[in-house]
Amino acid sequence: MMFTKIPKEQKDEMIGRIQSFYYEQTGDEIGDLGAENWFDFFMKEIGPFLYNQGVMDSKDVLMDKMLLLEDDLYALKRPVNPK
């Protein structure tokens, strides 16, 4: 199961990078089908780990922003003089 739809141009670029990496590492060429199989493997097996880390990173950034916003809101409070 894929979490996101990747545009064809980007998928083709990634498959080309897999082919280049494979050639650099082994000295052998890998065809489009073989590289696409590796791509599908990475997306299925490794992609969820990367996706989840991206979600957690986004959450951390959002929480930092919320804390700053909370500080800014408290700074807007006006003192109330008791009578």
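The values are calculated or read from the model by the stated rules, or taken from the named source; none is laboratory data. From a predicted model like this one, the values you see are computed outputs, not experimental measurements. Here Cβ is always computed from backbone atoms with ideal geometry, including for glycine, and neighbour counts include all displayed protein chains. Surface areas here come from the heavy atoms of the whole protein model, side chains and all, with no ligands, DNA or RNA. Shrake-Rupley method; radii C 1.70, N 1.55, O 1.52, S 1.80 Å.
Checked against a 24 Å cut-off, the cross-linked pairs K8/K44; K44/K65; K8/K65; K5/K65 give Cα-Cα distances beyond that limit for K44/K65; K8/K65; K5/K65. Ignoring any ligand, DNA or RNA, what whole percent of the accessible area of the chain comes from carbon and sulfur when the probe is 1.4 angstrom? Ligands and nucleic acids excluded, carbon and sulfur reach 60 percent. Between K11 and D71, the modelled labels are 4.5 nm apart [label points 7 Å from Cα along Cα→Cβ]. Only one of the listed values, [x] 14.3; [y] 16.7; [z] 15.3, was derived from the coordinates as Kirkwood radius over Cα pairs in Å; which label is it? Structure-derived value, by its label: [y]. Once both axes come from the Cα atoms, what is the angle between helix 8-26 and the longest principal axis of the chain, in degrees from 0 to 90, rounded to 10? Relative to the chain, helix 8-26 is tipped by roughly 60 degrees.
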